[in-house]
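Asks: Quick one: the structure is below, questions incoming.
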2 protein chains.
Amino acid sequence: MSAADRFRAAVEAGDFDAGVALLADDVVFRSPVVHKPYQGREVVGALLGAVSQIFEDFRYDRQIGAPGAADHALVFRTRVGDREIEGCDFIHENEDGLIDEFVVMVRPMTGANALADAMRAHFEGSVPTP
Amino acid sequence: MSAADRFRAAVEAGDFDAGVALLADDVVFRSPVVHKPYQGREVVGALLGAVSQIFEDFRYDRQIGAPGAADHALVFRTRVGDREIEGCDFIHENEDGLIDEFVVMVRPMTGANALADAMRAHFEGSVPTP
């Protein structure tokens with residue numbers, strides 16, 4: 001079972017801690033919004049926690065990846081307020097089966113803007129900087 | 001060889017027509033910028049043609065997908081002006097081996113904005129509407 005499978009299962013079970021436990025200590029996270037990568041389980045966990053509260057009606061609808069491969073793509077649909085979002089979690093696992101790279105992309109731009117606005121509101125204007 | 005493999009090979013060979021020839025007549029395209037899908041080989045070919053002129057230093061750097069699967073993800077890096085972009089072509093093929101769904105996502109938002117601006121400039125303000 002890939003790290004992506006296990007992450008998806010944790011999200012679908014609503015078990016946020018189990019998801020964060022799959023992140024390597026030095027995980028690198030590239031956000032759909034900001035250019036500079038974030039690094040480390042603590043800050044990445046905080047960001048994923050915020051997003052999990054912001055996204056409404058979140059569901060994965062497609063998983064792309066070969067069995068045994070290090071890279072998997074989890075395509076999702078969600079909503080922020082009245083803005084529909086289609087996005088993807090790109091999950092790379094290391095030799096220990098932990099997630100060492102986590103990249104998120106979303107479309108369209110109205111959705112990305114709504115997500116950025118909601119992140120600022122969630123962190124009261126001070127979103128963690130990379 | 002998947003439609004994604006063949007599309008990637010066409011792009012890497014600079015053979016734009018070979019890429020467009022892989023699109024099904026009724027292909028659906030969901031853009032990183034606008035919400036509403038585009039449909040049909042003609043308009044989608046025009047959009048891909050514009051993007052191929054706008055993206056600089058374009059290269060695919062990762063391919064995700066199981067052999068024989070209908071869905072593949074081609075992760076790319078590129079640049080619009082001085083804005084770096086990481087993005088992904090999500091390619092779904094039909095039973096005839098043609099691309100019937102083509103979804104593009106990009107990150108970060110500065111890159112998506114630069115792409116949207118460049119598309120407007122390319123089409124002189126009248127980007128095809130879905």
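The values are calculated or read from the model by the stated rules, or taken from the named source; none is laboratory data. Remember, predicted model here, so these are calculated numbers, not experimental data. In this analysis, Cβ positions are derived from the backbone assuming ideal geometry, glycine residues included, and neighbour counts consider all displayed protein chains.
Asks: Looking at A:V80, A:V43, A:V27, A:V20, which is the one that is under 24 Å from A:E95 (Cα atoms) and out of contact with any Lys or Arg (no Cβ under 9 Å at 6 or more places or on another chain)? Before you say what the answer is, go through the steps one by one.
Replies: Numbers: A:V80 fails: under 24 Å from A:E95 (Cα atoms); A:V27 fails: out of contact with any Lys or Arg (no Cβ under 9 Å at 6 or more places or on another chain); A:V20 fails: out of contact with any Lys or Arg (no Cβ under 9 Å at 6 or more places or on another chain).
Matching residue, one of A:V80, A:V43, A:V27, A:V20: A:V43.
Asks: Can you tell me which residue in segment A:92-126 is farthest from A:F29 (Cα to Cα), limited to those that are at the interface with chain B (Cβ under 10 Å from one of its Cβ atoms), assigned to a strand (DSSP E or B) and of a type outside the set (K, R)?
Replies: The first filter runs over segment A:92-126 and keeps only residues at the interface with chain B (Cβ under 10 Å from one of its Cβ atoms), leaving A:92, A:103-113, A:115-116.
When the remaining residues are screened for being assigned to a strand (DSSP E or B), the result is A:92, A:103-107.
Now drop any that are not of a type outside the set (K, R), which leaves A:92, A:103-106.
Numbers: A:H92: 11, A:V103: 6, A:V104: 8, A:M105: 11, A:V106: 14 Å.
The extreme case among them is A:V106.
Asks: Based on what the data block shows, is B:A24 over 29 Å from A:K36 (Cα atoms), modelled with pLDDT of 95 or more and not hydroxyl-bearing (S, T, Y)? Talk me through it step by step, then tell me what you get.
Replies: Working: over 29 Å from A:K36 (Cα atoms): yes; modelled with pLDDT of 95 or more: yes; not hydroxyl-bearing (S, T, Y): yes.
It is true that B:A24 is over 29 Å from A:K36 (Cα atoms), modelled with pLDDT of 95 or more and not hydroxyl-bearing (S, T, Y).
Asks: Taking B:G40 and the conditions (1) modelled with pLDDT under 95; (2) more than 14 Å from chain A (Cβ to nearest Cβ); (3) over 13 Å from the mean Cα position of the chain (by Cα), which numbered condition does it fall short on, given that it satisfies the others?
Replies: (1)
Asks: Sticking with this structure for a sec: Do the conditions hold for A:A50, that is, is it in contact (Cβ under 8 Å) with a residue 12 or more places away in the chain and either surrounded by fewer than 20 Cβ atoms within 10 Å (Cβ to Cβ) or within 14 Å of chain B (Cβ to nearest Cβ) (or both)? It would help to see each step written out before you state the result.
Replies: Numbers: in contact (Cβ under 8 Å) with a residue 12 or more places away in the chain: yes; either surrounded by fewer than 20 Cβ atoms within 10 Å (Cβ to Cβ) or within 14 Å of chain B (Cβ to nearest Cβ) (or both): yes.
It is true that A:A50 is in contact (Cβ under 8 Å) with a residue 12 or more places away in the chain and either surrounded by fewer than 20 Cβ atoms within 10 Å (Cβ to Cβ) or within 14 Å of chain B (Cβ to nearest Cβ) (or both).
Asks: Checking B:V27 against (1) assigned to a strand (DSSP E or B); (2) within 14 Å of another protein chain (Cβ to nearest Cβ), which test does it fail?
Replies: Only one criterion is unmet by B:V27, namely (2).
Asks: Can you tell me which residue in segment B:72-91 is nearest to the other protein chains (Cβ to nearest Cβ), limited to those that are surrounded by fewer than 21 Cβ atoms within 10 Å (Cβ to Cβ) and over 13 Å from the mean Cα position of the chain (by Cα)?
Replies: B:E84
Asks: Continuing with the same structure: Within segment A:53-70, take every residue that is in contact with a Phe, Trp or Tyr (Cβ under 7 Å, 6 or more places away or on another chain) and within 14 Å of chain B (Cβ to nearest Cβ) and give me the one that is surrounded by the fewest Cβ atoms within 10 Å (Cβ to Cβ). Even if it seems obvious, please write down each step before you answer.
Replies: To start, the set of residues in segment A:53-70 that are in contact with a Phe, Trp or Tyr (Cβ under 7 Å, 6 or more places away or on another chain) comprises A:58-61.
If we keep only those that are within 14 Å of chain B (Cβ to nearest Cβ) as well, we get A:60-61.
On the way: A:Y60: 17, A:D61: 9.
Checked segment A:53-70; the qualifying residue surrounded by the fewest Cβ atoms within 10 Å (Cβ to Cβ) is A:D61.
Asks: Any residue at all in segment B:61-70 that's under 12 Å from the mean Cα position of the chain (by Cα), touching a residue at least 12 places away in the same chain (Cβ under 8 Å) and either under 28 Å from A:H72 (Cβ atoms) or in a strand (DSSP E or B) (or both)? Break it down stepwise before answering.
Replies: Initially, segment B:61-70 is screened for residues under 12 Å from the mean Cα position of the chain (by Cα), giving none.
Within segment B:61-70 (the criterion being under 12 Å from the mean Cα position of the chain (by Cα), touching a residue at least 12 places away in the same chain (Cβ under 8 Å) and either under 28 Å from A:H72 (Cβ atoms) or in a strand (DSSP E or B) (or both)), the answer is no, since none of the residues qualifies.
Asks: Which condition number does A:E12 fail, the rest of (1) of a type in the set (D, E); (2) out of contact with any Asp or Glu (no Cβ under 9 Å at 6 or more places or on another chain); (3) farther than 26 Å from A:D117 by Cα being met?
Replies: If we test A:E12 against (1) of a type in the set (D, E); (2) out of contact with any Asp or Glu (no Cβ under 9 Å at 6 or more places or on another chain); (3) farther than 26 Å from A:D117 by Cα, just (3) comes out false.
Asks: Would you please list the contacts, defined by Cβ atoms under 7 Å and residues six or more apart or on different chains, that run from a residue in segment B:104-118 that is hydrophobic (A, V, I, L, M, F, W, C) to a residue that is crowded, with 22+ Cβ neighbours inside 10 Å and assigned to a helix (DSSP H, G or I)?
Replies: Matching pairs, first to second residue: B:V106/B:A112; B:V106/B:L115; B:M109/A:A112; B:A112/A:A112.
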